[in-house]
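Here's the structure we're looking at; comments come further down.
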Amino acid sequence: MASVEQQIEEFMGGLKRRNPDEPEFHQAVFEVAESVIPFLQDQPQYLEARILERMTEPDRAILFRVAWVDDSGEIRANKGYRVQFNNAIGPYKGGLRFHPTVTLSVLKFLGFEQTFKNSLTTLPMGGAKGGSDFNPHGRSDDEVLRFCQSFMTQLYRYIGSDVDVPAGDIGVGGREISYLFGQYKRITHHFNGVITGKGPSFGGSLIRTEATGYGCVYFMKNVLEHHGEGLEGKTCLVSGAGNVAQYTAEKLADEGAKVVTMSDSDGFVHDPEGIAGERLEWIKELKNKRRGRISEYADEFGCNYYEGEAPWRVPCDLAFPSATQNELSEDDARTLIDNGVRAVGEGANMPTEQGGVRAFREAGVLFAPSKAANAGGVAVSGLEQTQNAMRLTWTRDEVDRRLREIMGKIHGTCVEHGERSDKTPEGVVDYVAGANIGGFIKVADAMLAYGVV
Ligand code: NDP
Ligand code: 2IT
């Protein structure tokens, strides 16, 4: 029998041969394989049934053309995608991303991770991801409307409230979800929970907008408390200034922590006074309404702006990468460790490069991987589906209570499977292993039950 390391290498060799030129997908699978293959050594039922091989092949990937007309009357064509990764435990569920960096590799990594994340939430949701290389930056509302209508005209036949339920992600917020749902309804005449993140007047759940950021902070609170610490008084770095970053910052301030940075793709602002209260409201207005740049914050509040840089060299206790994948390199991780970082909560999906993840785990930094830490968003999407199916709405307090409870359960699952890891020092839970193994088991058991599918 080959050693565990050889088995991982062989597995990854096969995956790379079958999926050439998909570096993000390889990275996401490697992180899982590294935790799950050692676990499988005592689980012959999963090994014999080749569950991991099957779980790394999407059920299907749908590719389509999105043609639309810009404001100057020019015809444009973008790529559209929906990767339906795995529906073993429930209808496909996952966001749509509109960003010029979107490729099949990016959506496969996201759909694969989503399968594990959704399994961790305890709700019945499979994994999917979709989107387009369309760039909404600088586009008028009319252009975004025409694009969304064209996108949905292609997508609608592949989704449904019991089939596949999209939501937002980078570049897809309340405006885009409304345009997409409006077009779905117009084509099909169906008003149902086919998409989540809707406005509160047409079936959206309260707290969905806040859920990813709030959930990430609730998860971090669990992590710190489990290790005998708390959030109060902690200095925090947040990257990004979008949906996840805004509500991570908001909840951190509520919990008595201080957020000193936020960023966008042009650079970051460092505000030692703390980004909270009216300063944070100003950022929401800037990003959600005026759609401006984070550099304007530095002019408004008289603090420093660093063009072309990420915030990771600012000394802190906690770091929350909340912008995009691979935004925190191994070097950044070492700088954070040298500066005494205690914990990292991944608000974005796979924001830390592989070498960075290894460095954090080896150094005993409490590292909360995205599958677990940012699962609050999709969890409240799941609660939106529940409310839509029941045709009623829960109060803010009710949804928030359920979100806290779910983040606590995810934490418990991670501890159960990550407590006795040899990848982290004694006494430090390995949340990477915990999330990967915990997410895997439920999906794997369903696939075993179905026979050969
Ligand atoms: P938004 O579009 O609201 O915000 C994205 C932010 O990240 C913006 O500040 C953007 O800056 C920045 N950003 C995007 N791409 C890059 C890049 N290539 N380099 C540097 N900065 C970049 O997206 P969300 O807040 O919704 O998503 C952020 C992350 O969180 C993503 O990884 C997403 O997958 C993940 N996530 C989102 C969930 C949700 O519910 N929305 C749920 C779980 C995870 P700029 O404006 O300059 O582009
Ligand atoms: O990455 C994610 O979990 C999301 N973008 C949210 C998906 C959802 O269906 O709410």
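Per residue of the chain, what 222 nm ellipticity follows from adding -39500 (n - 2.57) for every DSSP H run with n ≥ 4, rounded to the nearest 500?
Helices in the chain give a 222 nm mean residue ellipticity of -15000 deg cm²/dmol.
Net charge near Ser119: determine it from the other residues with C-beta under 13 Å of the C-beta of Ser119, scoring Lys and Arg +1 and Asp and Glu -1.
The answer is +3.
Rounded to the nearest 0.05, what FRET efficiency do Leu63 and Lys409 have when you use their Cβ-Cβ distance and R0 = 35 Å?
Taking R0 as 35 Å, the efficiency between Leu63 and Lys409 is 0.45.
May I ask you to derive the relative contact order of region 354-453, considering only C-alpha pairs under 8 Å and at least 6 residues apart, and to give it as an integer percent?
31
Quickly work out the Ser3-to-Glu278 label distance, labels modelled 7 Å from Cα along the C-beta direction, and quote it in nm with one decimal.
Label at Glu278, label at Ser3, 6.3 nm between them.
When a/c is below 1.5 the answer is rounded, else prolate if a/b is larger than b/c, else oblate, so apply that to region 266-404 with a ≥ b ≥ c taken from the square roots of the Cα gyration tensor eigenvalues.
In terms of gyration-tensor shape, oblate.
Provide the gained length on full extension for the span Asn304 to Asp331, in nm with one decimal, where the gain is 0.36 nm per separating residue minus the Cα-Cα distance.
Gain on stretching Asn304 to Asp331: 7.5 nm.
Got the relative contact order for region 1-87 handy, in percent, Cα pairs under 8 Å and 6 or more residues apart?
After rounding, I find 20 percent.
Tabulate in residue order the Karplus-calculated ³J(HN,Hα) for region 429-437, using 6.51 cos²θ - 1.76 cosθ + 1.60 with θ = phi - 60°, rounded to whole Hz; enter x for Gly and Pro.
The phi angles translate into 5, 8, 5, 5, 4, x, 5, 5, 6 Hz.
Between Gly94 and residues 5 or more places away or on another chain, which pairs have amide H atoms under 5 Å apart, with H built 1.01 Å from N, and which residues are they?
Here the answer is Ala128, Val165, Ala167, since their amide H atoms fall under 5 Å of that of Gly94.
Per-residue HN-Hα couplings for region 401-411, Karplus 6.51 cos²θ - 1.76 cosθ + 1.60 at θ = phi - 60°, whole Hz, x for Gly and Pro?
Coupling constants for region 401-411: 4, 5, 4, 4, 5, 5, 4, x, 5, 4, 4 Hz.
Using the heavy atoms of the protein chains and a 1.4 angstrom probe, tell me the accessible area per residue for the chain in square angstrom.
Accessible area per residue, the chain: 40 Å².
Quick one: which residues, 5 or more positions from Val172 or on another chain, have an amide H under 5 Å from its amide H? H modelled 1.01 Å from N in the peptide plane, none for Pro or chain starts.
Result for Val172 returns Phe98.
Roughly to the nearest percent, how much of the accessible area of the chain is carbon and sulfur, given a 1.4 Å probe?
Result for the chain: 47 percent of the exposed heavy-atom area is carbon or sulfur.
Cα gyration tensor of region 2-111, axes a ≥ b ≥ c as square roots of the eigenvalues: rounded (a/c below 1.5), prolate (a/b > b/c) or oblate?
Here region 2-111 falls in the prolate category.
Karplus couplings for region 195-208 from phi (6.51 cos²θ - 1.76 cosθ + 1.60, θ = phi - 60°), rounded to Hz, Gly and Pro as x?
Taking θ as phi minus 60°, the curve returns 8, 10, x, 5, x, x, 7, 9, x, x, 7, 4, 6, 4 Hz for region 195-208.
Net charge around Gly203, counting only other residues with Cβ within less than 11 Å of its Cβ (Lys, Arg = +1; Asp, Glu = -1)?
After counting each charged neighbour, the total is +3.
Given contacts defined as C-alpha pairs under 8 Å and at least six residues apart, what's the relative contact order of the chain, whole-number percent?
15 percent.
Pairs to check: Lys258/Lys289; Lys284/Lys442; Lys16/Lys251. Give those whose C-alpha atoms are more than 32 Å from each other in this structure.
Among Lys258/Lys289; Lys284/Lys442; Lys16/Lys251, the Cα-Cα distance tops 32 Å for Lys284/Lys442; Lys16/Lys251.
Identify all lysines with a Cα-Cα distance to Lys79 below 16 Å; exclude those on the same chain that are fewer than 8 residues away in sequence.
Excluding near neighbours in sequence, the set is Lys108, Lys129.
With the cut-off at 1.5 for a/c, could you classify region 44-166 from its C-alpha gyration tensor as rounded, prolate or oblate?
Prolate, since a/c reaches 1.5 and a/b exceeds b/c.
Counting Lys +1, Arg +1, Asp -1, Glu -1, what net charge surrounds His99 among other residues with beta carbon under 9 Å of its beta carbon?
-1
Tell me the GluC sites (Glu not before Pro) within region 1-75 that lie in a loop according to DSSP and have at most 16 other beta-carbon atoms within 10 Å.
Glu74
The values are calculated or read from the model by the stated rules, or taken from the named source; none is laboratory data. Since we're looking at a predicted model, the values are computed, not measured. Glycine gets a Cβ as well: all are built from the backbone with ideal geometry, and neighbour counts include every protein chain shown. Each accessible area value is taken on the protein alone, full model and side chains, heavy atoms only, with ligands, DNA and RNA left out. Shrake-Rupley method; radii C 1.70, N 1.55, O 1.52, S 1.80 Å.
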